[in-house]
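Read the structure below first, then the notes.
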Amino acid sequence: MKYALVFALFALAPALAAEPPPSAPTLKDTVLAQDRAVFAAFNACDAAEFRKHFDPAVEFYQDNDEVTVGVDELIKSFDGRCKNGKSNLRRELDVAAAEVHPIQGYGAVQLGAHAFWIVADGKPDQLAARPRFVHLWKRRGDRWVISRVISYGH
């Protein structure tokens, strides 16, 4: 009986030492993945992809510009920044400052800070601003879109 117990322990050891299966992504993981997707489109000047990440009735408030209401108006602003299909700005999220909190029955709120860099051919990128932001993410099924943006501290 003693040998059977020792054998069982050795036989089960690999299973007991194995890493647990990966868990489902957290809300923060999900929202930050959406953030990466929307700003990959921003940085690449991909208006069609950028548009997909916003509610048609999006409201965008910032301290250094007028309020923008509606995805069509947001895309006009986007297109003005992306002359000749090339961005003059690059955005980087400060991942360490990122917070994500659930909004019951709606989606999530993302709070954070990011940096915008001026991009020019043949020159090093130059820091333009390090504003803070609030993104209100609306979840509809498996889709997430930004419905409100507040950007401040420019």
Subject >> Residue that is nearest to Ala40 (Cα to Cα) [pool: residues in segment 112-154 that are among the basic types (Lys, Arg) and free of Cβ contacts under 8 Å to residues at least 12 places away in the same chain] >> reply: Arg143
Original post:
Is segment 111-133 home to any residue that is among the aromatic types (Phe, Trp, Tyr), within 16 Å of Leu32 (Cβ to Cβ) and in a strand (DSSP E or B)?
Top reply: yes
Subject >> Of all residues in segment 64-87 being closer than 16 Å to Ala128 by Cβ and among the small types (Gly, Ala, Ser), the one that is surrounded by the most Cβ atoms within 10 Å (Cβ to Cβ) >> reply: Ser87
**OP:** Could you please find all residues in segment 82-111 being without any contact (Cβ under 8 Å) to a residue 24 or more places away in the chain and either within 18 Å of Arg51 (Cα to Cα) or of a type in the set (S, T, N, Q) (or both)?
**Re:** Lys83, Asn84, Gln104
**OP:** Please work out if Val38 is at pLDDT below 95, in a helix (DSSP H, G or I) and β-branched (Val, Ile, Thr).
**Re:** no
Original post:
For segment 52-89, which residues satisfy the criterion of being within 14 Å of the chain's Cα centre (by Cα) and over 19 Å from Ile150 (Cβ atoms)?
Top reply: Lys52
Subject >> Looking only at segment 106-121, and only at residues there that are modelled with pLDDT under 95 and more than 14 Å from Arg91 (Cβ to Cβ), the one that is surrounded by the fewest Cβ atoms within 10 Å (Cβ to Cβ) >> reply: Asp121
Subject >> Residues of segment 134-154 satisfying the condition of being surrounded by 17 or more Cβ atoms within 10 Å (Cβ to Cβ) and either in contact with a Pro (Cβ under 8 Å, 6 or more places away or on another chain) or not in a strand (DSSP E or B) (or both) >> reply: Ser151
Original post:
Is segment 65-72 home to any residue that is part of a strand (DSSP E or B), out of contact with any Asp or Glu (no Cβ under 9 Å at 6 or more places or on another chain), among the polar types (S, T, N, Q) and free of Cβ contacts under 8 Å to residues at least 24 places away in the same chain?
Top reply: no
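The values are calculated or read from the model by the stated rules, or taken from the named source; none is laboratory data. Being a predicted model, the structure only gives us computed values, none of them experimental. Cβ atoms come from the backbone with ideal geometry, glycine included; neighbour counts cover every protein chain shown.
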